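Notes follow the structure.
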Amino acid sequence: MKLVRKLLLPIVPIYYVVTSLRNKLYDAGVKKSTSYAFPVICVGNLNVGGTGKTPMIEYLINLLKEDFKVATLSRGYKRKTVGFQLADKNSNADSIGDEPFQFYNKYKDDIIVAVDANRNNGIKNLISANDVPEVILLDDAFQHRKVKAGFNILLTTYSNPYFSDYVLPTGNLREPRSGANRADVIIVTKCPINISEDEKLEFISRINPKKSQQVFFSSIRYSNKVFSDESSKEIKELKAFTLVTGIANASPLVSFLSEKGLNFEHLNFRDHHNFTQNEIDDLNNETLIITTEKDYMRLKQYESLKDKLFYLPIEAAIDKAESLNGLILNFV
């Protein structure tokens, strides 16, 4: 794959020019962005792949849901429906996508969950409903510039920061690095727990934020238990199991479980993988399956896996969280 990407290097300038021109047209007002007279917060990234958007959306939900009516609006990647969909008791990963279904499954009594590839259309549907949200969280919409969010949170990983990457197809950037200038806050995600202050300062210097931007650092915090809809188990009590992942980067999870000295086999699938019946038949032969919360949303529909399937929750642990919370609450 690396060789193929190197061979595609001549295409990089074309992609760079096209995406740069698109941004300039939006910046100049030639292409229209719609603003809204209520809080819209966008969470996104420049890189293709997992930067921790789902834990960040959940962080915002937990911060805001007690005082405000919160709605999440996602594209609903790889769902089998089209147009605007509002999550309800009949929803599943096929109808709204795995990550939105995760939000609904976890917070259904506290928030509104909706999907629409056209974010403006999604917002219009949300604000015309009977239960009107007071805050809308846009999931993975940093490049969706038809909506002008009031507050933009840009995520980049510690191991693959955008300032060391290149645009597609040779690199992993969806747009040039200069797109980071649109962010109000930049969060470096998936940091080591013991990241030093000197490392943070080095990262900040390489990010070179504008005076109006603030940079934060976060790490992944794993639960001490795995869960199903009916029960839970302590991680330390797990015997041999099969780890099943269909996420962009499973390395942090594999490292966490390995450091616990656990005995497991890892079945690693592509991000947002749709499991075939043959794959489910193979999983039926396993005694215990541990997966991510996102993958659990796709796998829980199979009755044959019900008694052996568990997920490991994660959350974002943010350094100087009070300062970040203050910025978000002040905006709202």
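The values are calculated or read from the model by the stated rules, or taken from the named source; none is laboratory data. Fair warning: this is a prediction, and the values are worked out from it, not measured in the lab. Here Cβ is always computed from backbone atoms with ideal geometry, including for glycine, and neighbour counts include all displayed protein chains. Accessible surface is based on the protein model in full, side chains and every heavy atom, while ligands, DNA and RNA are left aside. Shrake-Rupley method; radii C 1.70, N 1.55, O 1.52, S 1.80 Å.
Condition test on ASN172, is it crowded, with 17+ Cβ neighbours inside 10 Å and more than 23 Å from ASP27 (Cβ to Cβ)? Answer is yes for this residue.
Of all residues in the stretch 102-132, those being open to solvent by 20 Å² or more (accessible area, probe 1.4 Å), touching a residue at least 24 places away in the same chain (Cβ under 8 Å) and under 19 Å from THR291 (Cβ atoms) number 2. Report yes if ILE153 is hydrophobic (A, V, I, L, M, F, W, C), more than 30 Å from VAL30 (Cβ to Cβ), touching a residue at least 60 places away in the same chain (Cβ under 8 Å) and outside any loop (DSSP other than H, G, I, E, B), otherwise no. Spelling it out, it is not the case that ILE153 is hydrophobic (A, V, I, L, M, F, W, C), more than 30 Å from VAL30 (Cβ to Cβ), touching a residue at least 60 places away in the same chain (Cβ under 8 Å) and outside any loop (DSSP other than H, G, I, E, B). The residues of the stretch 205-247 that are within 19 Å of the chain's Cα centre (by Cα), polar (S, T, N, Q) and buried (at least 17 other Cβ atoms within 10 Å of the Cβ), listed by number, are SER218, SER219, THR245. For the stretch 27-39, a residue qualifies if it is touching a residue at least 24 places away in the same chain (Cβ under 8 Å) and either surrounded by 11 or more Cβ atoms within 10 Å (Cβ to Cβ) or not in a loop (DSSP other than H, G, I, E, B) (or both), and the qualifying residues are LYS31, LYS32, SER33, THR34, TYR36, PHE38, PRO39.
Taking the listed residues ALA93, ALA71, ALA87, the one that is farther than 22 Å from LEU312 by Cα and in contact with a Phe, Trp or Tyr (Cβ under 7 Å, 6 or more places away or on another chain) is ALA87, with no other qualifying.
Residue by residue, here is whether (1) within 26 Å of the chain's Cα centre (by Cα); (2) part of a helix (DSSP H, G or I) holds:
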site: VAL4; (1), (2): no, yes
site: PRO10; (1), (2): no, yes
site: VAL18; (1), (2): yes, yes
site: ARG22; (1), (2): yes, yes
site: LEU25; (1), (2): no, yes
site: ILE41; (1), (2): yes, no
site: GLY49; (1), (2): yes, no
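When the stretch 107-136 is examined, which residues are found to be of a type in the set (Lys, Arg) and at pLDDT below 95?
Matches in the stretch 107-136: LYS108 only.
Scan the stretch 66-73 and tell me whether some residue there is closer than 28 Å to SER178 by Cα and either modelled with pLDDT of 95 or more or not in a strand (DSSP E or B) (or both). Scanning the stretch 66-73, I find at least one residue that is closer than 28 Å to SER178 by Cα and either modelled with pLDDT of 95 or more or not in a strand (DSSP E or B) (or both), so the answer is yes.
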